[in-house]
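Have a look at the structure below, then the notes.
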Amino acid sequence: MMARDSIYAQPQEQLGDFAFSEAVADVFPDMIQRSVPGYETVINLLGVIARRFAQPDSRIYDLGCSLGAATLAMASQVRVPGVRFVCVDNSAAMTSRCAQIMRRRLPDGHCEVACSDIQDVKLENASVVVLNFTLQFLKPADRLVMLQRIYDGLRPGGVLLLSEKLRFADPAEQELMTELHLEFKRANGYSELEISQKRSALENVLLPDTFGEHAERLQAAGFAQVVNWFQGFNFASLLALKA
Ligand SMILES: C[S@@+](CC[C@H](N)C(=O)[O-])C[C@H]1O[C@@H](n2cnc3c(N)ncnc32)[C@H](O)[C@@H]1O
Ligand SMILES: O=C(O)C(=O)C[C@]1(C(=O)O)C=C[C@@H](O)C=C1
């Protein structure tokens, strides 16, 4: 049984910044599924896209892996030989659980799990790099450098798969998408208190960009083609191809 997220169910006197703590890691599958419209579909489709782009004897990186859901989906679909998965997260609460899950679910030697800032990881010989709802937690000024490092670590024909919460330049669109996202959370059983406390906790931590900002930054990093392959309200998934 999946543990239910009730982290913000009671009024909190001191609402600190949101962190990927032990308590969050314990309920993470439930939290992300009830918070991100289309999350399960995105995870499944990451498997399909990796199946198309994985190259023999290359690496697949899952940056900000949390419990490794994207890696499990990709590992179940990839058919070419010699692929090694590398999962990275800077939350020890996440990587300790992720490492356990990978040991249980994947053959020995298939997957390495590292507790590290993704900005410090040397990326090499990659055919697929996943940033599934992770770039949004980096300081905005650091995001282009991260994308450039990913670009440099990719083989020609490799892809970056980027999912993010979006901001909209048009105030009316921003308001509508935010309202629909809140309705999604209500529909999934979150109370107004849970919704508002989590929103405050995320305010200084998760800083979303617009689709245009993402596309421009990916192009500035060198990517030849950028496509939007999925969107659920204000959450979008992009594929960026290295020619
Ligand atoms: C929303 S979760 C990602 C969900 C996960 N990719 C999935 O698809 O299930 C964001 C993750 O990024 C991690 N993270 C945020 N900033 C990071 C950084 N600078 N280096 C490494 N991990 C980071 C957090 O610890 C958290 O586990
Ligand atoms: O915007 C929100 O309320 C979210 O819950 C989003 C989000 C995310 O996009 O990473 C934030 C933190 C959670 O771990 C899961 C989802």
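The numbers here are math on the coordinates, done by the rules we state, and not lab data. Keep in mind that this is a model prediction, so the values were computed, not measured. Here Cβ is always computed from backbone atoms with ideal geometry, including for glycine, and neighbour counts include all displayed protein chains.
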Sum of -39500 (n - 2.57) over DSSP H runs of 4+, divided by residues of the chain (222 nm, nearest 500): -13000 deg cm²/dmol
query: Angle between the Cα long axis of helix 192-202 and the longest principal axis of the chain, 0 to 90 degrees, nearest 10?
result: 50
task: Please report how far the C-alpha centroid of the stretch 227-243 lies from that of the stretch 106-138, rounded to the nearest whole angstrom.
output: 19
- request: Please identify the cysteines of the chain that lack any partner cysteine with a Cβ under 4.7 Å from their own Cβ.
  value: CYS98, CYS111, CYS115
query: Lysine pairs in the chain 8 or more apart or on different chains: how many have alpha carbons under 22 angstrom apart?
result: 7
In sequence order, calculated HN-Hα J values of the stretch 56-73 (Karplus, 6.51, -1.76, 1.60; Hz; x Gly/Pro): x, 6, 10, 10, 10, 9, 10, 9, x, 6, 6, 8, x, 4, 5, 4, 4, 5
query: At q = 0.13, 0.15 Å⁻¹, what base-10 log of I(q)/I(0) does the Debye formula yield for the chain when every alpha carbon is treated as an equal point scatterer in vacuo?
result: -0.79, -1.07
message: Over the Cα atoms of the stretch 88-211, each weighted equally, I'd like the Debye log10 I(q)/I(0) at q = 0.12, 0.18, 0.19, 0.22 Å⁻¹, rounded to two decimals.
response: -0.63, -1.15, -1.21, -1.32
field: Dipole-positive endmost among PRO37, LEU72, GLN14 within the stretch 1-157 (Cβ charges, Cα centre)
entry: LEU72
query: How high is the relative contact order of the chain, given as a whole-number percent (alpha carbon pairs under 8 Å, six or more residues apart)?
result: 22
query: Which of THR95, THR178, THR41 comes first, and how do the rest follow, when ranked by fewest Cβ neighbours within 10 Å?
result: THR41, THR178, THR95
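With Cβ to Cβ distances under 10 Å as the rule, what net charge do the other residues near ALA69 carry (K, R +1; D, E -1)? Mind dumping the intermediate values first?
Details: positive: none; negative: GLU40, ASP62.
Here the charged neighbours net out to -2.
Would you order LYS122, LYS139 from fewest to most other beta-carbon atoms within 10 Å of each residue's own beta-carbon? Provide the component values of the computation, followed by the final result.
Working: LYS122 6, LYS139 9.
Listed from fewest to most nearby Cβ atoms, that is LYS122, LYS139.
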field: Centre separation in Å (Cα based) which lies between the stretch 16-44 and the stretch 147-164
entry: 24
statement: Counting sequence-distant residues (5 or more places) and residues on other chains, those with an amide H built under 5 Å from that of PHE230 are SER237
